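Everything on this sheet refers to the single structure shown next.
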Amino acid sequence: MRIFANYEKGEAVRFISHLDMQRLFQRAFRRAQVPLAYSQGFNPHPLLSFASALAVGYTGESEWLDVRLERPMELDAFKNAVNAMLPDGVYIKQALEAPQETPTLTALTASALYEVRVFLKTPLATAVLQQGIETLLNGEIIVKKKTKGGDKMVDIRPQLLSMEMTETDADVLLRIMGLMNVYGALHVGLLMEKLVETWNVQGTWRVHRKEIFFEKTGVLPL
Amino acid sequence: MLEELLANVEKPARYTGAEMNMVVKEDAQVHFALCFPDVYEIGMSHLGSRILYHVLNSRDDTYCERVYAPWPDMEAALRNAGMPLFSLETKRALGTFDIVGFSLLYEMCYTNILTMMNLAGIPFRTDARGEDMPLVVCGGPCTCNPEPLADFMDAVMLGDGEELINDLVDTYREAKRQHLSKRELLKNLAKIEGIYVPSLYEPQYQAGRFQGLKKLESAAPDCAVKRAVKDLDAAPYIGNPIVPYLNIVHDRIAIELFRGCTRGCRFCQAGYIYRPVRERKKDTLLRQAEQLVGCTGYDEVSLFSLSSGDYSQIHGLVNEIIDSMRQQRVSVSLPSLRIDSFLKDDLEKMQSVRKAGLTFAPEAGTQRLRDVINKCVTEEDLLRATGDAFEAGWTSVKLYFMIGLPTETDEDIVGIADLARKVSRLFYQMPKEKRGKGLRLTVSASSFVPKPFTPFQWAPQCTMEELRRKQGVLKEAMKGIRGAEFNYHPSRLSILEAVFSRGDRRLGEVLEHAYESGCRFDSWSEHFKPEEWDRAFTACGLTLGEYAHRERSLDEALPWGHIDMWVTQDYLKQEWMKALQGARTEDCRKGCNGCFGEKHADFCQL
């Protein structure tokens, strides 16, 4: 049986990495006695994969994982058993059954919506903030990307689908839509570094992924 | 505030806690901070801390929280922000705890203890701490010679902690109830068997040599005797252990088969200070394994002891545990296997286990030297064990040795290469169908450090120059061995380890100097600052040589002479004499060797 589970990575576990999340889920499944399916070969591991990794420091309210079971289980029973074994900050919101032949979640992702809260050391006027956003949207966004071969200068503008700002009293809130598919994904951290640099101010930010969007399938909500 | 700090340090999950099975308590009369003076990933791998966490939190009146040494980036961030070091469970400032307990596993973590105390606002020296400061205590194997830390510790716990820690907390509570002064509390603690209170004694020196301790309090015991738990089956274990998010060093369930060791290898401190051997019954272990797998979700169980092959029911245990764990897809690993107790059939059962690689520790290159150190394994044992392993499909083997052992000659060093060459030949002479593809034979050596409470506690340690020369000899001899790789890097760290493990109270000042000049995480090569340590010794008018390289005479006063770990000094002297003659001592399962003298006859089950 193949289950696509929609889950939240919340505040309490914000600082754990994607690999930590993988281990976390594996152990929770085992505690809940979910009949996991394992790979073949000398080093069998559970058949568990994710739509997209969430970096250390990021939270996500609608993340997706793909897990195969050896025998079928009631979706509600699965969700409740696993939630009872998950630590604070992680819980499964929904579990769906997927046909065995569905491609991997990574192959299916199309884009993602982020909410980024920015805390500026010195407050700026709305017009100035808006100007900075316009500048990035209207031109290239060249950033330094770390690759295996060394540092490369790349233009990440093509991965940025949209960016709009709503300002609250204390801080700036951005809604950012980024590409996220097999050809590339928006690097939100590098984008934010560039934006804050363009604003010529010191600031920190918190990234929260609101939603992951998929190519059309019969299974996943769009 | 904390958020901002965490966003800018490496592996923030080291400091955030909130792991599965972490204990949360609302009310407690005693707040105990269990401190491990190394980074989270190391501290969380320590089994003893897990046991104490469970024992303390099982008490209704006590809440035990964990604190680990902050990595240098976090230390800097805390100092910049003016924030104190805090516990993982509730982020409580370390200085506000009632009792602060440090686990002493390795002498080269001592600077981290000072860092943690400083970041908590706790004065280092016991006589500088007022009535409102936490009680600072310590436990763990290094307590068999606690003198280098004696000026900083209010009380030292010797031996097994499961029962002793309850006695300590009970005495603490009673003292608070009676509104006793700290001095009164310490005098009461000193009455507990297993507790040593350094401030009740003053070390005496003459011509730069330690002469003994003078009692400042007539009621103080002449000797501090360790505690040992008699019945490990009944003793508490680790309860529902915390499951970390981060990848820690030992990321699996550990089942402790037995404590102590009967082999009597003369370099091994643990084998002596954890005597007598006390085993857990097979059924206890099977039950524990089931319970621990169920409440953690781990997929690997490790059978843990000083020499697992010696466990009296090892074959039954291995069979049953592999069967019971197999259904849940839990693999079983069996480290700490002596070459001469190698379990071929059990190995085959462990086929399902990842072939991570096998490790054997012959320790010395010739039979003569192996007999001197009483690790009497033979060349035949080694070839049989590696041969069995190769036939079972293993291609990766690690061999551990020590350089600088007492009576060692160049012939012994070259002997290491000879052994490696024989193992390599054994592999490549097997027909290709019977063995794996290519051999990965790693020969790893470390520098011998003489330890207190071993027969070698009087032995001089080799100097750096000597160790480097020996490295050269071995490197030359290892050339051209097919499939073999050689790892040996003599380090000044081993010299410092030798100094602190056999040092006296004067080293407290050296430690403070080293800490002030920025020494931290000394056991991590990227942080080790040997020049600062040299400066610290010079500033205090002491030398490394007088502690590490000097041969001690049999009748000189030893800084740990007032500590009783049950094995007698007479027995150790006897063993030292036998070592120098290359005479073996048998495994005491075959017949008592009298290591406790006349005492503790009722305790030793063998």
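We did not get these values from a lab; they are worked out from the coordinates using the rules stated. Since the model is a prediction, treat every value here as computed from it, not as a measurement. No Cβ is skipped: glycine too gets one built from the backbone with ideal geometry, and neighbour counts run over all protein chains shown.
So if I place +1 on the C-beta of Lys and Arg and -1 on the C-beta of Asp and Glu, and nothing else carries charge, what would the dipole magnitude of the range A:106-222 be about its Cα centre? I want it in debye, nearest 20.
With Lys and Arg at +1 and Asp and Glu at -1, about 480 debye.
Per 0.36 nm of contour for each residue apart, how much would the distance between B:L554 and B:T90 grow if the chain were fully extended, relative to their Cα-Cα spacing?
Value of the extension gain: 162.0 nm.
On average, how many beta carbons from a partner chain sit within 10 Å of the beta carbon of a residue in B:20-26?
Counting other chains' Cβ atoms within 10 Å and averaging over B:20-26 gives 2.
Once both axes come from the Cα atoms, what is the angle between helix B:47-57 and the longest principal axis of chain B, in degrees from 0 to 90, rounded to 10?
In chain B, helix B:47-57 runs at an angle near 40 degrees to the longest axis.
If you find the alpha carbon centre of the range B:426-454 and of the range A:114-137, how far apart are they in angstrom?
The range B:426-454 and the range A:114-137 have Cα centres spaced 61 Å from each other.
Using only alpha carbon positions, build the gyration tensor of the range B:40-103, then give the equivalent ellipsoid semi-axes as the square roots of 5 times its eigenvalues, largest first, whole angstrom.
Calculated on Cα positions only, the semi-axes equal 23, 15, 8 Å.
Would you please give the residues with an amide H less than 5 Å from that of B:Y205, counting only those at least 5 places away or on a separate chain, with H modeled from the backbone geometry?
Residues meeting the criterion, in which the H sits 1.01 Å from N, are B:Q211.
Using a 10 Å cut-off on Cβ atoms, rank the peptides A:120-133, B:4-17, A:42-55, B:500-513 from the highest mean neighbour count down.
Ranking the peptides A:120-133, B:4-17, A:42-55, B:500-513 by packing returns B:500-513, B:4-17, A:42-55, A:120-133.
Just name one of B:S308, A:I212, B:T96: the one whose Cα is farthest towards the positive end of the charge dipole of the protein assembly as shown (beta-carbon charges, Lys/Arg +1, Asp/Glu -1).
Highest projection toward the positive end goes to B:S308.
Taking 26 Å as the cut-off for C-alpha to C-alpha distance, list the pairs among B:K422/B:K475; B:K479/B:K578; B:K176/B:K599 that go past it.
B:K479/B:K578; B:K176/B:K599
Could you tell me what a quarter of the Cα convex hull surface of the range B:452-601 works out to, in nm² with one decimal place?
12.9 nm²
If one computes the Cα centroid of the range B:523-582 and of the range B:296-324, what distance in Å separates the two points?
Taking the Cα centre of the range B:296-324 as reference, the centre of the range B:523-582 is 36 Å away.
Suppose we keep just the DSSP beta bridges with both residues in chain B; what percent of those would be antiparallel, to 5?
If I count the DSSP bridges inside chain B, around 20 percent turn out antiparallel.
Please list, in chain and number order, the residues 5+ apart from B:E485 or on another chain whose amide H is under 5 Å from its amide H, with Hs placed from the backbone.
B:L441, B:T442, B:V443
Per residue of the range A:151-156, what does 6.51 cos²θ - 1.76 cosθ + 1.60 with θ = phi - 60° give for ³J(HN,Hα)? Whole Hz please, x for Gly and Pro, Karplus curve as stated.
Once θ is set to phi - 60°, the couplings for the range A:151-156 become 8, 10, 8, 10, 9, 9 Hz.
Looking at the protein assembly as shown, I'd like the Rg to Rh ratio, where Rg is from alpha-carbon atoms and Rh is Kirkwood's inverse mean 1/r.
Checking Rg against Rh, the ratio lands at 0.99.
If I model a spin label as a point 7 Å beyond the Cα along the Cα-Cβ vector, how far apart are those points for B:Q178 and A:K93 in nm?
6.1 nm
Taking other Cβ within 10 Å of each residue's Cβ, how do B:M133, A:M21 sort, fewest first?
Lowest to highest Cβ neighbour count: B:M133, A:M21.
With unit charges on the beta carbon (Lys/Arg positive, Asp/Glu negative), name the residue among B:I122, B:Q461, B:S446 whose Cα is farthest towards the positive pole of the charge dipole of the protein assembly as shown.
The residue sitting most towards the positive pole is B:S446.
Based on DSSP H runs of at least 4 residues, each adding -39500 (n - 2.57), what is the mean residue ellipticity at 222 nm of chain B after dividing by all its residues, to the nearest 500 deg cm²/dmol?
Counting only the DSSP helices, I get -10000 deg cm²/dmol.
Rounded to the nearest 10 degrees, what's the angle between the helix B:164-177 long axis and the longest principal axis of chain B, both from Cα atoms, 0 to 90?
Relative to chain B, helix B:164-177 is tipped by roughly 0 degrees.
What FRET efficiency comes out for B:S58 versus B:K230 if R0 is 22 angstrom and r is the Cβ-Cβ distance? Round to the nearest 0.05.
The value I calculate is 0.70.
For the range B:469-518 and the range B:12-37, what is the separation of their Cα centres, given in Å?
What the calculation gives is 35 Å, centre to centre.
State the antiparallel share, in %, of DSSP beta bridges confined to the protein assembly as shown, rounding to the nearest 5.
Given both bridge residues lie in the protein assembly as shown, the antiparallel proportion sits at roughly 60 percent.
Percent relative contact order of chain B, based on C-alpha pairs within less than 8 angstrom and at least six residues apart?
14 percent
Mind checking the angle between helix B:492-501 and chain B's longest principal axis? C-alpha axes, 0 to 90 degrees, to the nearest 10.
60 degrees
Taking the Cβ-Cβ separation of B:D323 and A:E70 as r and a Förster radius of 22 Å, what is the calculated FRET efficiency to the nearest 0.05?
E between B:D323 and A:E70, to the nearest 0.05, is 0.65.
Normalised by the number of residues in the range A:158-217, what is the relative contact order in percent for Cα pairs under 8 Å and 6+ residues apart?
That works out to 22 percent.
In square nanometres and to one decimal, what's the mean projected area of the convex hull around the Cα atoms of the range B:86-178?
Average of the hull's projected areas for the range B:86-178 equals 6.4 nm².
How big is the C-alpha Rg of chain B next to the rule-of-thumb value 2.2 N^0.38 Å, as a ratio?
0.97
Filter the trypsin sites (Lys or Arg not before Pro) in the range B:94-196 to those in DSSP coil with at most 15 other Cβ atoms within 10 Å of their Cβ, and list the result.
Filter output for the range B:94-196: B:R125, B:K191.
By a straight-distance test (C-alpha under 25 Å), which lysines pair with B:K182 as possible cross-link partners, with residues fewer than eight away in the same chain excluded?
B:K191, B:K214, B:K215, B:K226
Can you give me the relative contact order of the range B:85-135 as a percent, contacts being Cα pairs under 8 Å and 6 or more apart?
Relative contact order, the range B:85-135: 43 percent.
Please compute the average number of Cβ atoms from other chains found within 10 Å of each residue's Cβ in peptide A:81-88.
Counting Cβ atoms of other protein chains within 10 Å of each residue's Cβ and averaging gives 2.
On average, how many beta carbons from a partner chain sit within 10 Å of the beta carbon of a residue in A:22-33?
4
Leaving out same-chain residues fewer than 8 places away, which aspartates and glutamates sit with a Cα under 16 Å from that of A:K121?
A:E167, A:D169, A:D171, A:E193, A:E197, B:E3, B:E4
Once phi is turned into θ = phi - 60°, what whole-Hz ³J(HN,Hα) does the Karplus curve with 6.51, -1.76 and 1.60 give for every residue of the range B:473-490, x standing for Gly and Pro?
4, 5, 4, 4, 5, 7, 5, x, 8, 5, x, 9, 10, 10, 10, 8, 10, x
I need the calculated FRET efficiency for the pair B:Q204 and B:Q574, taking r as the beta carbon distance and R₀ as 45 Å, to the nearest 0.05.
Computed FRET efficiency for B:Q204 and B:Q574 comes out at 0.95.
Assign unit charges at the C-beta atoms only (+1 for Lys and Arg, -1 for Asp and Glu), then state the dipole size of the range B:99-206 relative to its Cα centre in Debye, rounded to the nearest 20.
Charge dipole of the range B:99-206: 360 debye, to the nearest 20.
Find the Rg to Rh ratio for the range A:37-130, where Rh is the Kirkwood radius over alpha-carbon pairs and Rg uses the same atoms.
Result for the range A:37-130 is an Rg/Rh of 1.11.
Sort A:R157, B:R425 by Cβ crowding within 10 Å, fewest neighbours at the top.
B:R425, A:R157
Between A:E211 and A:Q40, what length in nm is gained on full extension when 0.36 nm per residue of separation is reduced by their alpha carbon distance?
Gain on stretching A:E211 to A:Q40: 58.2 nm.
Just to be sure I understand: if I project the alpha-carbon convex hull of the range B:381-447 onto a plane and average over all orientations, what area do I get in nm²?
4.6 nm²
Cut-off is 10 Å between beta-carbons; in what order do B:L496, B:L358 appear when sorted fewest neighbours first?
Taking fewest neighbouring Cβ atoms as first place, the list is B:L358, B:L496.
Read phi for every residue in the range B:429-434 and hand back ³J(HN,Hα) as whole Hz from Karplus 6.51 cos²θ - 1.76 cosθ + 1.60, θ = phi - 60°, with x for Gly and Pro.
Karplus values, whole Hz, x for Gly and Pro: 7, 6, x, 4, 6, 7.
Identify all lysines with a Cα-Cα distance to A:K152 below 22 Å; exclude those on the same chain that are fewer than 8 residues away in sequence.
Result set, ordered by chain and number: A:K144, A:K194.
To the nearest 20 debye, what is the magnitude of the charge dipole of chain B about its Cα centre, counting +1 on the Cβ of each Lys and Arg and -1 on the Cβ of each Asp and Glu?
Around 1500 debye, computed over chain B.
Which of B:N112, B:P84, B:A69 sits closest to the plus end of the dipole of the range B:59-114, meaning its Cα is farthest towards the positive end, when Lys and Arg get +1 and Asp and Glu get -1 on the C-beta?
It is B:P84.
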